[in-house]
Amino acid sequence: MKGQMVSEMTLEQLAARSGVAADKIITYTEAGLLPCKDAHATFSADDQYWLDMVNCFLENGSSVEDLKDLMPLCEQCATTY
């Protein structure tokens, strides 16, 4: 699968590709931190990008609560440019 663009992924596929556990992805999705707001829907490459960003913030000391305010602002900026 390496080198191929994946247009849609299941939760399990996203977890495998990102290295983030599926239960954490569900938590992040339910908290509104990813563009995809339904953890049982399919995920896109955009969702993986945002998941990587969320994971980076969390690994560097931010909390899920901190990101509930920050990520919508990041999404808004991303759609503006």
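Along segment 14-22 the Karplus relation, 6.51 cos²θ - 1.76 cosθ + 1.60 evaluated at θ = phi - 60°, assigns HN-Hα couplings of 5, 4, 5, 6, 8, x, 9, 4, 4 Hz to successive residues, with x for each Gly and Pro.
Here the spin labels are modelled as points 7 Å beyond Cα on the Cα-Cβ line, and at ALA21 and ASP46 they lie 2.9 nm apart. Applying a DSSP loop filter and a limit of 13 other Cβ atoms within 10 Å to the trypsin sites (Lys or Arg not before Pro) in the chain leaves LYS2, LYS37. The amide H of PHE43, built 1.01 Å from its N in the peptide plane, has MET9, THR10 as neighbours under 5 Å, considering only residues 5 or more places off or on other chains. Among residues other than SER7 whose Cβ falls under 12 Å from its Cβ, what is the net charge (Lys/Arg +1, Asp/Glu -1)? That works out to -3.
Mean residue ellipticity at 222 nm from the helices of the chain, using -39,500 (n - 2.57) per DSSP H segment of n ≥ 4 over the full residue count, to the nearest 500 deg cm²/dmol? The per-residue figure over the chain is -19000 deg cm²/dmol. Calculate the dipole size of the chain relative to its Cα centre from +1 charges on Lys and Arg beta carbons and -1 charges on Asp and Glu beta carbons; express the result in debye to the nearest 20. Computed charge dipole of the chain: roughly 220 debye.
Applying 0.36 nm per residue to the separation of GLU30 and ASP66 and subtracting their alpha-carbon distance, the gain on full extension is 11.5 nm.
Rule-based calculations on the coordinates, nothing more; no lab input. Owing to the predicted nature of the structure, the values given are computational and were not obtained by experimental measurement. So basically every Cβ, Gly included, is an ideal-geometry build from the backbone, and we count neighbours across all protein chains shown.
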